[in-house]
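The next block holds one structure in the form of structure tokens; read it before the comments.
Read-outs throughout are calculated quantities, based only on the coordinates presented, and are distinct from any laboratory measurement. What you see is a predicted model; the values in this text were computed from it and never measured. Using ideal geometry, Cβ is built from the backbone for each residue, glycine included, and neighbour counts are taken over all protein chains shown.
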Ligand SMILES: [Zn+2]
Ligand SMILES: [Zn+2]
Ligand SMILES: [Zn+2]
Ligand SMILES: [Zn+2]
């Protein structure tokens, strides 16, 4: 397991290194062109030769027998680790590797860090792929192992992050540590059906003797017969989704589902399954029994969990509306216990009508109120309301008589804006509005002081008139009580009229 942790660190470091190398490479491009031209061919075994075609990007091998072993060395100039093989200087140029010759093996670290390689073709008879042989070949599209290959050494394809397909032949019987670790783009895993050690089921690579999923792909479905998930099996498979861990699984290895961001929730019904460190991302939600090992794992890892067994007194969260209620149908809502997985549903009562916009049925006029209607958006229910009468449309001309002036509405022909005449003073004889000339016969009964209204001031004025007729002339006969003379009694009568109009009619 420690070796796996190391491998994770190593692969992360080399990934960074590759990034840096790209930048560095561009920076040093002019320098490289002035340096001595590297050799494009040579030998790499007693009876094995290599050549690189710079125009096609193809690295080819001819001959037979063993390939030399190499190392992964930090290149001081580039600042990254690449193979020490003689073609290492082309690490960023080789796109294709042709090993269709009678070569028996791929040497250790032979193609380590060759970041441009997309395709590798290997002769079917090859038996061994050495340590770290294709490690960090980050552009490699597929891993098609030779049909007769028996041994895949440690780290052989570690960190081939673009590989979507893994194809294993009939003879493979040994897969070294981290040989197939950190392959986050895998979607297809195939194993020759004649292979007695491994099999592929639903894009899972399974070690038959231990019923262990060694490696999964983004599209894998874990078979129910499996009992273990190997460390890092689904590491960084972002598209991989699983909702329930199969109950037969007893062990999930270190970082098995780490970086599987597609797994938001997982149900673990087994009470005893052993979960390795970082088995899941920290933000996953685990549904498990309160007395299970998974619960302990969740608590120790700071992972949120819900209990599959119900609590005695649920603590419900907010309602979630599943279906809104209408005036015709009841709605539906649910809420969950925040401790266990208990879910409660209830109906939402029918709501009142939901009326839409008002529409005018009858336009209002100055003669009649209008009518507006609105309809429920869910049923045939309607609601009506009146619309206020509109303003009149007065004529421009004024009509008048002795008491006042008015206009005629051109729509309803009624008198509108009826007002008393407007004079500036008692001497002014022309109405400011309608232009009518005042005649001496125009007066308001009781308005003896001629200010346009009858008030208690008129009673006082009449009293003054009684005493000082010259100084206080009146504009009408002053015998309001009808006793045949104008006296102070008429002033009192006028006052009474002002307060009790009905009881004291003016004569
Ligand atoms: Zn509960
Ligand atoms: Zn309705
Ligand atoms: Zn009108
Ligand atoms: Zn007037």
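Go through 205-211, 374-380, 146-152 and give me the packing order, highest mean Cβ count within 10 Å leading.
Numbers: 205-211: 16.7, 374-380: 13.7, 146-152: 19.4.
Descending packing order for the listed peptides: 146-152, 205-211, 374-380.
On a full-extension model of 0.36 nm per residue, what is the gain between residue 471 and residue 148, subtracting their alpha-carbon distance, rounded to one decimal in nm?
Extra length from residue 471 to residue 148 when fully extended: 102.2 nm.
Pairing the Cα long axis of helix 488-499 with the longest principal axis of the chain, what angle in degrees results, from 0 to 90 and rounded to the nearest 10?
20 degrees
By how many nm would the segment from residue 445 to residue 73 lengthen if fully extended, with 0.36 nm per residue of separation less the alpha-carbon distance?
On the way: separation 372, 0.36 × 372 = 133.92 nm, distance 12.38 nm.
Stretched fully, the residue 445-residue 73 segment lengthens by 121.5 nm.
Using a 10 Å cut-off on Cβ atoms, rank the peptides 427-433, 68-74, 82-88 from the highest mean neighbour count down.
82-88, 68-74, 427-433
Taking a label point 7 Å from the Cα of residue 219 along the Cα→Cβ vector, which residues of the range 134-178 have an amide N closer than 17 Å to it?
Counting only backbone N, you get 141-144, 162-168.
Please give the length that would be gained between residue 261 and residue 58 if that part of the chain were fully extended, namely 0.36 nm times their separation in residues minus their C-alpha to C-alpha distance (nm, one decimal).
Details: separation 203, 0.36 × 203 = 73.08 nm, distance 3.67 nm.
Extra length from residue 261 to residue 58 when fully extended: 69.4 nm.
Add -39500 (n - 2.57) for each DSSP H run of 4 or more in the chain, then divide by its residues: what number comes out at 222 nm, to the nearest 500 deg cm²/dmol? Intermediate values should be presented prior to the final figure.
Details: 4 runs with 66 residues, N = 507.
Per the formula, -4500 deg cm²/dmol.
Expressed as a rounded percentage, what relative contact order does the range 446-507 have, with Cα pairs under 8 Å and six or more residues apart?
Relative contact order of the range 446-507: 32 percent.
In degrees from 0 to 90, rounded to the nearest 10, what is the angle of the helix 456-467 Cα long axis to the longest principal axis of the chain?
In the chain, helix 456-467 runs at an angle near 20 degrees to the longest axis.
Report the antiparallel proportion of the DSSP beta bridges in the chain as a percent, rounded to a multiple of 5.
Numbers: 49 of 88 bridges.
So the antiparallel bridges amount to about 55 percent of the total.
Which whole-number percent is the relative contact order of the range 203-302 (Cα, under 8 Å, 6+ apart)?
Working: 251 pairs, mean separation 20.1, N = 100.
Once divided by the residue count of the range 203-302, the mean separation gives 20 percent.
Could you tell me the calculated FRET efficiency between residue 498 and residue 391, based on Cβ-Cβ distance and R0 = 45 angstrom, to the nearest 0.05? Let's see the in-between values first.
Numbers: r = 35 Å, r/R0 = 0.78.
Given R0 = 45 Å and the Cβ-Cβ separation, E is 0.80.
Can you give the alpha-carbon Rg of the range 446-507 over 2.2 N^0.38 Å, where N counts its residues?
It is 0.98.
Quick one: angle between helix 2-34 and the longest Cα principal axis of the chain, in degrees between 0 and 90, rounded to 10, please.
90 degrees
Of the beta bridges DSSP finds with both residues in the range 270-366, what % are antiparallel, to the nearest 5?
65 percent
Could you give the distance between the Cα centres of the range 376-415 and the range 162-197, to the whole Å?
90 Å
First measure r as the distance between the Cβ atoms of residue 422 and residue 381, then evaluate 1/(1 + (r/R0)^6) with R0 = 60 Å and state the FRET efficiency to the nearest 0.05.
0.65
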